[in-house]
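To keep things clear, I will list the structure first and then write my remarks on it.
The values are calculated or read from the model by the stated rules, or taken from the named source; none is laboratory data. Everything quoted here is computed from the prediction, not taken from an experiment. Note that we place each Cβ from the backbone using ideal geometry, even for glycine, and neighbour counts take in every protein chain shown.
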Amino acid sequence: MSASDGKWELGVVSFFDSFEDFDQFTRLGSDYSTLPTDVLSSGYIVLDQTIASDYTAAPFYLYTPADTTVGGAQGAELVIGPSTNSDFDGAITRSRIKTSANNYTFTTGDVGNYSVETVPYAKYKANDPVIIRTVPHGWTPEATPEAVDFQVRPISRYDDNYVNLHMDGGTSATIDSTAAYAYFNQKAVRLSVNSTSPSSSRRLNRITPVNSIDPRVPKYRMSAYYRLLKGDPRSTTNINTASAGTDPARINLRAMSADGTFLGALTNEASSPDVFEAPLKLGSDSSHHKTEFTLFTVPFGFYQTGDSAVDGEWNMMKDSSASDLKNPMKTAGLRTNRIEIQLMLRGGTNTAFDIDDLMIEHAAGTSNELNGYYEMPTWHEQGSLQWNYRQPATRNTYTVNNTLKRAKTSGNLKPKHIISASYVNVPKQMFYDMRTLLGWQDRGHLISLRPYHSGLPNVMQGVISVDNFSNQMWDLDRVSFSLKFEEA
């Protein structure tokens, strides 16, 4: 496989989500001026109701599930401050909604009296800022999470609370510094549940952009990193999905029209098009339980490309009652323009389903188009790989009395990369394939890159430039060139 030999992989991006932080901003609705004297004290953090009268609804989704028997599974993150109280000027409190009130009973007023994990230690004034990090940008719960008893929130791949905290003998804690280096600024999305009563409404939905999917593309590849693990890693209750229905953790795809509606057959089109596919199905077997992020890839297409069906192909243009292909001009699948992606966790005890770096890509027009991605047929020249961080256009700094200060107090920006490498005396077909990818880029598409390098992200999207073409040997069927990738 490519991941083992380390050759770069490129593709034309149809959809990509790295599930970075999506901050939703509000403010305090009243002063918070009485500090607690006991960790079990009760009190209120009142949020401004002129911004949202119900923070449990869109766009905030600040809630806690009804089933709180496990506890410890964290909900939405709150960042309160900087404080404008004169005694606590600039103070920031970071806290999370909790699923149980067995520790701190401090509550957020006017949003359902939910428990938080950290009692605010500083005083705040009305209108002080509050950041709420909840459902990732662009994703919509199928049902109100509280109504169907599940939880969804962004998580850190390297979580300074406990996701990457390893207990050694139950007495000491060690931090994986390699994970910190690779994932300190990288996010993922978590669906968690503590109910074995299955529900298909425990899911997030998102529709890819208009014109993102073309059924004429011979093959797409869908990929993601996932984990299926305990929602509370320190709980003695183990993950159990045996009673949660068939394949409780899934990623589903549905073919959609350009207007974002479910694809159906028009008059005189072939009836009952196969417009649904589930490329990732994780059952209740313990072999499906993963504590580390695991790469999943699957190719898929909308019509049969050979004499027989291939696993993962949708075959929308294949007549289920005959062996021959349908007339493509009379098939609803030909009108597919977008895809609805569904991230689902039907049920489970103390169960969490984490997803990151979800991508749909293709390599149409290249020599690898039937793979759904383009794999470089050879490695880059030894010693030619270089990378840099792409600095933001403006820095969040200012000066006071000639002293540099930071202006931003609650950010976690993921670094972006510029990567370059040289390919020397490679087959001319690589030149043709690079020109094909550049042609897709010229038409407004981003390009994906999997560098298979421990010091670089697993997968990125951005723009490429290919230059310095030359023939360095007598064989004119071999060329040399430089490839540069800039992360978007």
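Within segment 468-475, is there a residue that is closer than 22 Å to Ser384 by Cα, surrounded by 14 or more Cβ atoms within 10 Å (Cβ to Cβ), touching a strand residue (DSSP E or B) at 6+ places or on another chain (Cβ under 6 Å) and of a type outside the set (Gly, Ala, Ser)?
Pass one, segment 468-475, residues closer than 22 Å to Ser384 by Cα: 468-473.
Filter again for surrounded by 14 or more Cβ atoms within 10 Å (Cβ to Cβ), leaving none.
For segment 468-475, residues closer than 22 Å to Ser384 by Cα, surrounded by 14 or more Cβ atoms within 10 Å (Cβ to Cβ), touching a strand residue (DSSP E or B) at 6+ places or on another chain (Cβ under 6 Å) and of a type outside the set (Gly, Ala, Ser): absent.
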Could you count how many residues in segment 442-461 are free of Cβ contacts under 8 Å to residues at least 60 places away in the same chain and not basic (Lys, Arg)? 3
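Checking the conditions here, which among Leu413, Leu343, Leu325, Leu334 is at pLDDT below 90 and surrounded by 15 or more Cβ atoms within 10 Å (Cβ to Cβ)?
Matching residue, one of Leu413, Leu343, Leu325, Leu334: Leu334.
So which of Leu437, Leu449 is aliphatic (A, V, I, L, M) and either farther than 13 Å from Ala363 by Cβ or part of a strand (DSSP E or B) (or both)? First the steps, then the outcome.
Details: Leu437 fails: either farther than 13 Å from Ala363 by Cβ or part of a strand (DSSP E or B) (or both).
None of the other options fit; the residue is Leu449.
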